[in-house]
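The block underneath contains the structure these notes are about, expressed in structure tokens.
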2 protein chains.
Amino acid sequence: MKITPVHTRIFKEKEDLPAFIAEHIVLVPEKTVLTVSSKLVALWKGKTVPYTGRTQKEELIRRESQAALQTPLAWLTIKDGMIMTNAGIDESNADGKLILLPPDCYACAQDLRTALRQKWNVQDLGVIITDSMILPLRAGIIGAAVAYSGFEGVKDLRGREDIFGKKLEVTLVDAADSLAAACALAMGEAAEQQPLCLAEGAPVAFVDGTNPAEIKYPPQNDLYTPLLKAVKLIK
Amino acid sequence: MKITPVHTRIFKEKEDLPAFIAEHIVLVPEKTVLTVSSKLVALWKGKTVPYTGRTQKEELIRRESQAALQTPLAWLTIKDGMIMTNAGIDESNADGKLILLPPDCYACAQDLRTALRQKWNVQDLGVIITDSMILPLRAGIIGAAVAYSGFEGVKDLRGREDIFGKKLEVTLVDAADSLAAACALAMGEAAEQQPLCLAEGAPVAFVDGTNPAEIKYPPQNDLYTPLLKAVKLIK
């Protein structure tokens, strides 16, 4: 697998994102996965507000999330069924604005994929929209897939056997977040100006439709549910 | 960044792991990060017990973890200051045994690095020992770094600026887990027999010593602490 971040000029609010991407990436081989920073997608959709102060940001965090808990570090929120810091609202590389996540990132990923398949004349193309995520008890953020399109984000190994012919204990692999983590590391967080990244040879199955539900685990079985329930983040 | 999983023969318990690795990987370029499945490290150190039943496995999970909580899916545990499923005890690819994590994975990573630097005649070499991790509300596992050696596992961006000259909000990047996630995806979970993986061109700083504390977030500030406290996983 080859992971290549792409340096770009600064993307302006409400610019044409597929055109911007095609301006910097002229062609890609079949079965490429393109990673796009959620910031670009938010700017594309004009999801910004001028920053006026802490109170405003807190109100936005509450409004943009299904559940929110204040912690010493940041707000721990559930946004679109995903654990996120501050409901994904971002101030870095935002030029004095707050950047909010678009309302339907899966539709954005699908639209990007449709436009870019045409521009690049490829059949199999994956698109991931990445944001950062904090792991429990870990210093530092890792990249996660806010949404994706064009490949199976979860590899289903149910029924597969291990090297001794025993049925596997682990049956699902979160490919979308694994790829997002690697690409986000390559893209950087500061002034690198690398909001795009290409993954070639990723071990994923390319498909036309994408089922956003596949990556969400049923809360009644989730390992973290007792924790989330204890602080009333989920009912 | 190039990520290449390595196919191997089956590793036998208490075999010489550095020799096994050098048997399959003859040489690597400078600044390579080698990922090794925690299973190989556990077998190297002879950390297996014959499986006798569910009660035994539960007792081991409690004994091997600092805190444990039973959930419908598996045990949510804290092991070596890290959230792990079932205290890292594994039955897949274990040939009827339970495979436990070695007591000091950081020392194992350091020992592997020392031996392999010599065998491969390189200065800058990173080693990651990977296991799987479950993210909150996500289907499927991702790879995480149980331990590592030879590079800065956390990139510290404090004081760096964004593209508009504003101080960064995000200041720490968890490079070790990001690399582990990508490599684990490439290695696979079933009968691929790819317990090793090479990452070339990874955007990390190679160092001689490694500070295992850098990747652990102080619980008093951790975003997840209110959750972990609510179910008494941490005090």
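The values are calculated or read from the model by the stated rules, or taken from the named source; none is laboratory data. Because the structure is predicted, anything quoted here is derived from the model rather than measured. Quick reminder, even Gly has a Cβ in these numbers, built from the backbone with ideal geometry, and neighbours come from all protein chains shown.
Okay, here's what the table says:
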read-out: Cross-chain or 6+ apart pairs with Cβ under 9 Å, segment A:159-184 first and in a strand (DSSP E or B), then of a type in the set (S, T, N, Q); value: A:Lys167/B:Ser92; A:Val173/B:Ser132
read-out: Residue check, B:Gln194 part of a loop (DSSP other than H, G, I, E, B), surrounded by fewer than 24 Cβ atoms within 10 Å (Cβ to Cβ) and not assigned by TED's automatic domain parsing to the domain that holds B:Lys2; value: no
read-out: Candidates A:Glu189, A:Glu214 - the one that is acidic (Asp, Glu), facing chain B (nearest Cβ under 7 Å) and farther than 24 Å from A:Arg9 by Cβ; value: A:Glu214
read-out: Residue, surrounded by the most Cβ atoms within 10 Å (Cβ to Cβ), within segment A:115-168, restricted to residues that are of a type in the set (Val, Ile, Thr) and out of contact with any helix residue (DSSP H, G or I) (no Cβ under 9 Å at 6 or more places or on another chain); value: A:Ile134
read-out: Considering residues of segment B:39-54 that are of a type outside the set (A, V, I, L, M, F, W, C) and part of a strand (DSSP E or B) only, the residue farthest from B:Asp104 (Cα to Cα); value: B:Pro50
read-out: The one condition in (1) within 13 Å of chain B (Cβ to nearest Cβ); (2) surrounded by fewer than 20 Cβ atoms within 10 Å (Cβ to Cβ) that A:Glu59 fails to fulfil; value: (1)
read-out: Top-ranked residue of segment B:63-87 - restricted to ones that are outside any strand (DSSP E or B) and under 21 Å from B:Thr52 (Cβ atoms), ranked as nearest to the other protein chains (Cβ to nearest Cβ); value: B:Ala74
read-out: Qualifying residue in segment A:13-35 (condition: under 14 Å from A:Gly88 (Cβ atoms) and not aliphatic (A, V, I, L, M)); value: no
read-out: The one condition in (1) touching a residue at least 12 places away in the same chain (Cβ under 8 Å); (2) away from every other protein chain (no Cβ under 13 Å) that B:Val26 fails to fulfil; value: (1)
read-out: Those residues of segment B:1-23 which are within 12 Å of chain A (Cβ to nearest Cβ) and among the basic types (Lys, Arg), in sequence order; value: B:Lys2, B:Arg9
read-out: Residue match in segment A:53-75 (condition: of a type in the set (Lys, Arg) and closer than 16 Å to A:Asp131 by Cα); value: no
read-out: From B:Thr48, B:Thr77, B:Thr85, B:Thr52, residue being among the hydroxyl-bearing types (Ser, Thr, Tyr), crowded, with 17+ Cβ neighbours inside 10 Å and over 29 Å from A:Pro219 (Cβ atoms); value: B:Thr48
read-out: Count - residues of segment B:10-38 that are touching a Phe, Trp or Tyr at 6+ places or on another chain (Cβ under 8 Å), surrounded by 17 or more Cβ atoms within 10 Å (Cβ to Cβ) and in a helix (DSSP H, G or I); value: 2
read-out: Lone unmet requirement of (1) among the hydroxyl-bearing types (Ser, Thr, Tyr); (2) facing another protein chain (nearest Cβ under 8 Å); (3) in contact with a Gly (Cβ under 8 Å, 6 or more places away or on another chain) for B:Ser149; value: (2)
read-out: Output for segment A:201-235, where each listed residue is under 22 Å from the mean Cα position of the chain (by Cα) and of a type in the set (D, E, K, R); value: A:Asp208, A:Glu214, A:Lys216, A:Asp222
read-out: Any hit, segment A:6-29, residues being at pLDDT 95 or above, within 18 Å of A:Phe151 (Cα to Cα), under 17 Å from the mean Cα position of the chain (by Cα) and of a type in the set (Val, Ile, Thr); value: no
read-out: Residue that is free of Cβ contacts under 8 Å to residues at least 24 places away in the same chain and surrounded by fewer than 24 Cβ atoms within 10 Å (Cβ to Cβ), where the choices are B:Lys216, B:Lys229; value: B:Lys229
read-out: Test: residue in segment B:101-118 that is touching a Leu at 6+ places or on another chain (Cβ under 7 Å), within 14 Å of chain A (Cβ to nearest Cβ) and not hydrophobic (A, V, I, L, M, F, W, C); value: no
read-out: Count - residues of segment A:88-125 that are at pLDDT 95 or above and part of a helix (DSSP H, G or I); value: 16
read-out: Segment B:197-222 - residue that is in contact with a Pro (Cβ under 8 Å, 6 or more places away or on another chain) and in a loop (DSSP other than H, G, I, E, B) and, of those, modelled with the highest pLDDT; value: B:Asp222
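Residue-wise test of (1) in contact with a strand residue (DSSP E or B) (Cβ under 8 Å, 6 or more places away or on another chain); (2) farther than 21 Å from A:Asn221 by Cβ; (3) acidic (Asp, Glu).
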{"position": "B:Tyr106", "(1), (2), (3)": "yes, yes, no"}
{"position": "B:Ala109", "(1), (2), (3)": "yes, yes, no"}
{"position": "B:Arg113", "(1), (2), (3)": "yes, yes, no"}
{"position": "B:Gln118", "(1), (2), (3)": "no, yes, no"}
{"position": "B:Asn121", "(1), (2), (3)": "no, yes, no"}
{"position": "B:Met133", "(1), (2), (3)": "yes, no, no"}
{"position": "B:Leu137", "(1), (2), (3)": "yes, no, no"}
{"position": "B:Val146", "(1), (2), (3)": "yes, yes, no"}
